[in-house]
Each structure stands twice: as C-alpha cells, then as structure tokens.
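Each reported figure results from applying straightforward, stated rules to the coordinates on display, with no laboratory input. All values derive from a computational prediction rather than experimental measurement. Reconstructed Cβ throughout: ideal geometry from the backbone, glycine too, with neighbour counts over all protein chains shown.
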Ligand code: HEM
C-alpha cells in the first residue's frame with residue numbers, strides 16, 4: 001500500500017495545482033472578490049444546484065457595495081461580475097463590438113446556431129433577416145392571432161374555475177404561452193387545453209432543466225463544440241426539428257406571406273445562403289448557409305423565450321396584483337377606461353393606449369427579471385471604463401439584472417411592487433442601464449415587443465372578466481428554484497379568481 005503513496009500524493013498535488021493555478025489572477029489586478037475553492041471556483045452552490053446562478057450573483061453584488069466589478073472564478077476561468085452601470089453601458093452598448101457574443105459554443109447540428117448562443121458573425125446574418133418578424137406593422141396581424149388565442153384561454157379558465165376558483169397559476173398560464181407562441185410565431189395550431197395534451201408539461205421539463213453540459217463548458221471551455229455535444233436534450237432537439245418539418249408542410253398548404261417567424265424561416269430556407277448585408281463601405285459582408293439545423297436552433301430560442309417567459313411573467317404579475325388590490329384596481333380602471341374610449345373595441349391601438357398596463361409589465365420584470373444573467377464574452381484585450389486594468393480576451397462578463405433591479409440606489413424600497421416607478425416622470429432621471437430585463441444594445445432581446453403584445457392581450461382579456469386574490473395557501477415570499485433555466489418560483493403560486501360580474 002505504501003508503495004502507491006508517493007504516486008497518490010503526486011496526483012493530488014498535481015490536481016490541486018491544476019485546479020488552483022489561476023486563482024491569483026484577480027488579486028494580481030487588485031480586483032476584489034470572494035475566495036475561490038479548488039475545482040469549483042466560486043460556483044459550488046450552482047454546480048450542485050443548491051442555488052440559482054442569478055441569486056448567487058445578487059448575493060455577491062451585495063457583498064461588494066463599493067466595487068465597480070467583482071472578480072470570480074467559474075471553476076478555474078476568471079470571470080467578472082459587473083456592478084457599475086457605466087461599465088454595463090460600455091459593455092452592452094458603447095463598445096459592443098469588443099463584447100460581441102456570450103461565449104458559449106456547442107454542437108451546431110444540435111441547436112448550437114440559435115441566435116442567443118450564436119457568435120457575432122451568425123448573429124449579424126440572422127438578426128438582419130429575423131428582425132423583420134418583429135416590426136410594428138407586422139404586429140397588427142399578430143394582434144388578431146394572439147387575441148384569438150387569448151379568447152380560447154379565457155374559455156379554458158372559465159371551464160376550470162367552475163370546479164375550483166383557486167388555480168395553480170404557472171401551469172395554467174403556460175398553456176396560453178405555448179399556444180400563443182406556436183400559433184403566433186410558427187403558425188401551428190395545437191390544443192394545449194385538451195385533457196390528452198402532454199406537450200406543454202413534457203416540453204417544459206425538457207427545455208428548462210439545465211443539462212450538466214453547462215458545467216462541463218464552464219470547466220473546459222470549448223469542450224462541447226469539440227465533442228459535438230449540446231446543452232439541450234435529444235427530445236428538445238427533436239421537437240425543434242419537428243416544428244421545422246411542420247413549417248414545410250404549412251408552407252405547401254398556405255402559400256401565404258403572413259410574415260410570422262416561420263414564414264421568414266421558410267424564405268431563408270428557399271434562399272439557401274444569406275448574407276448580413278453591409279451598413280457601410282468598410283463593413284465586411286458575412287454569408288451563412290441556412291440548413292434545417294440552423295432553423296431548428298431558432299425554433300428553440302423562440303419557443304423557450306416565447307412560452308417560458310410569458311407564463312412566468314403573467315404568474316408574477318398576477319401574484320403582485322393580488323397582493324396589492326389597490327394597484328389591481330388602477331390596472332382594471334386603465335383597461336376599462338381605454339376600452340370605453342375605443343368604443344368597447346379591443347384593438348392594437350387600444351392596447352398601446354393602456355399606459356398603466358405597460359407600467360405593470362415593467363415593474364413585474366423589474367422585480368422578477370426572468371433571466372439569470374446578461375453575459376458577454378470579451379472579444380479583445382480592453383480596459384473597462386473607470387478601472388485601471390486590462391481585461392483579457394475570452395473572459396466572460398456577467399451582469400445581473402436581478403441584483404441591479406433590487407439595488408435601492410436604483411429603486412428605493414426595491415421589494416415593494418410599485419408600477420408608478422415606470423411613469424415617464426419617475427423614470428426619466430434613472431440611469432439608462434438600471435432596467436435590463438431585455439438586455440440592451442445590438443444584442444438585446446429580439447422579442448421584446450412580441451412579449452409586450454402577448455402579455456398585454458392576455459391581461460386585458462383576463463382582467464375584463466376576473467380579479468385575483470391571494471388564498472391562505474399563497475406563498476408570502478417568492479424564492480426561485482435552482483433546477484430551472486429561467487427564474488421560476490420554487491413553490492406553486494395559488495391564486496383565487498373572482499369573476500368581475502359576481
Ligand atoms: C418577458 C419576455 C422576455 C424576456 C424577459 C426576455 C429576455 C431576454 C434577455 C435578457 C435576452 C439577452 C439580452 C442581452 O444579452 O442583451 C434575450 C435575448 C433574446 N430573446 Fe428574449 N426575452 C423575452 C421574450 C422573448 C420572445 C417572446 C422572443 C421571441 C419570440 C425572444 C427572443 C430572443 C432572442 C432571439 C434573443 C437573442 C438575441 C441576440 O442574441 O441577438 N425573447 N431575451
């Protein structure tokens with residue numbers, strides 16, 4: 001046994017050296033941060049899924065109130081949490097070209113070319129073409145489609161509340177999220193309300209349970225690409241491919257140019273190879289081959305962003321409106337008065353007139369930004385504004401919407417739900433980067449306006465018929481589960497729906 005001892009000690013020493021060899025990096029640059037531990041860096045709680053990464057960032061943000069940045073280690077890789085809003089502006093907007101992507105790469109055949117994870121070249125080509133699905137004039141069409149879906153949803157609510165007026169809010173609203181994105185973005189008619197439907201729950205689990213490949217990418221950046229592995233499960237990949245197959249069939253039947261995301265996907269497929277165009281003479285034109293795998297990647301991000309965010313956003317909004325009946329009253333008044341002004345007709349223009357509804361939307365996303373972090377990969381060695389050190393290419397920067405939105409310097413009494421914070425007169429003096437639920441700059445969320453429309457329509461239809469109340473089983477404070485990608489409540493949110501005419 002003693003014979004093996006030196007070998008054993010050598011291996012342990014080697015591993016210790018290997019996994020701690022970078023741990024002096026931030027100290028040498030005078031950047032403060034918590035002590036890392038071998039192998040895990042500062043992310044042990046995230047690695048073992050004891051804590052959501054968004055919450056970890058918030059705790060670290062609070063621990064260093066006087067720092068512009070906090071130095072961390074993702075396993076061994078130095079990474080930086082950005083606290084200062086001027087640096088946030090530099091990274092996301094001012095020097096965007098130096099922070100071009102999110103630095104996570106994985107198998108292109110298995111959803112790796114989705115716009116969210118795409119590198120700068122792919123992003124420039126795809127954004128140029130996909131942006132046209134989200135322009136204002138397309139939304140008048142979208143309005144009608146989504147309003148139809150919301151009507152079906154209200155019928156469903158009526159049927160379930162006949163048996164029990166208390167609902168488990170998230171799974172109920174998930175059905176509208178799935179239905180509205182499947183029809184609104186892909187033109188696919190499903191029935192999430194039938195008893196046989198398993199799609200919502202099955203795909204929800206597949207899409208939102210993080211795979212351990214994420215930790216592998218943290219530990220060995222680039223490994224996923226080399227091994228052709230994906231962050232997402234086989235079922236998720238298969239689902240996204242099937243949506244594209246359904247799109248081809250639809251195209252054959254409809255031959256309509258409605259300009260949903262799916263119509264654009266099919267146009268791109270027909271073209272085969274597409275370019276980023278050139279904004280100026282100096283710009284380099286980039287080209288990309290559009291395959292079914294590229295399109296399946298876009299289905300992934302549109303589906304997840306479309307149903308997942310919407311269901312959570314509606315759940316959180318209803319929770320806080322039930323908690324604050326006076327605020328709920330103001331919202332109902334806003335909806336009723338605008339509808340009256342528009343002769344009782346609910347239209348795209350009427351929705352745009354509902355200013356208090358927009359404030360509820362923003363305040364809900366301030367309190368629950370849904371995204372755990374807005375991250376950027378450093379594209380070239382660069383100095384961050386107001387610091388005196390150079391940050392190296394390929395360092396990942398993390399910005400925490402939750403921490404920034406809950407910092408009382410930006411929002412006094414941040415735990416209070418107050419939509420008035422977003423009235424123009426109250427918002428005008430705030431730092432432009434103090435609200436980042438959709439990110440900012442050239443890589444900000446592509447679906448912001450779709451999300452507003454999807455949420456707004458559902459809320460108007462809902463509050464035209466119902467009010468909400470807490471029950472004795474409603475949780476008093478919301479905590480987030482570390483087992484999901486988006487900031488999801490760890491417990492069910494039970495709410496009582498009361499018909500307005502009762
Ligand atoms: C409440 C709803 C939503 C929230 C809170 C949200 C949030 C975000 C955030 C934080 C980002 C990253 C931004 C950045 O890094 O600067 C993002 C990116 C993105 N979102 Fe959304 N999103 C929502 C809805 C949607 C919808 C409905 C769609 C599409 C149908 C969508 C499509 C995308 C895409 C394609 C990107 C990647 C953009 C790029 O990297 O160029 N999102 N979203």
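Key figures for this structure:
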| item | result |
| --- | --- |
| Calculated P(r) of region 164-222 - Cα pairs past 19 Å, % | 46 |
| Rg/Rh for region 205-346, where both radii come from Cα atoms and Rh is the Kirkwood radius | 1.11 |
| Estimated 222 nm signal from helices in the chain, with DSSP H stretches of n ≥ 4 weighted -39500 (n - 2.57), rounded to 500 | -14500 deg cm²/dmol |
| Computed over the chain, Kirkwood Rh from alpha-carbon pairs, angstrom | 24.3 |
| Nitroxide proxy distance, nm - points 7 Å out along Cα→Cβ at residue 494 and residue 444 | 4.0 |
| Protection proxy ranking, peptides 268-280, 114-126, average beta carbon neighbours within 10 Å, highest first | 114-126, 268-280 |
| Pairwise FRET efficiency - residue 388 versus residue 23, Cβ, R0 = 22 Å, nearest 0.05 | 0.55 |
| Helix axis angle, 448-465 relative to the chain longest principal axis, alpha carbon, degrees | 40 |
| Using alpha-carbon coordinates, inclination of helix 120-130 to the longest axis of the chain, degrees | 10 |
| Span per principal axis, largest first, for the Cα atoms of region 177-273 (Å) | 47, 42, 16 |
| Peptides 209-217, 3-11 ordered by average Cβ neighbours within 10 Å, highest first | 209-217, 3-11 |
| Relative contact order computed over the chain (Cα-Cα under 8 Å; 6+ residues apart), in percent | 22 |
| For region 332-383 versus region 129-145, the gap between their alpha-carbon centres in whole angstrom | 17 |
| Length-normalised contact order of region 192-327 in % [C-alpha pairs under 8 Å, at least 6 apart] | 19 |
| Length-normalised contact order of region 356-420 in % [C-alpha pairs under 8 Å, at least 6 apart] | 39 |
| Ranked by how many other beta carbons lie within 10 Å on average, peptides 411-422, 31-42, 354-365 from highest | 354-365, 31-42, 411-422 |
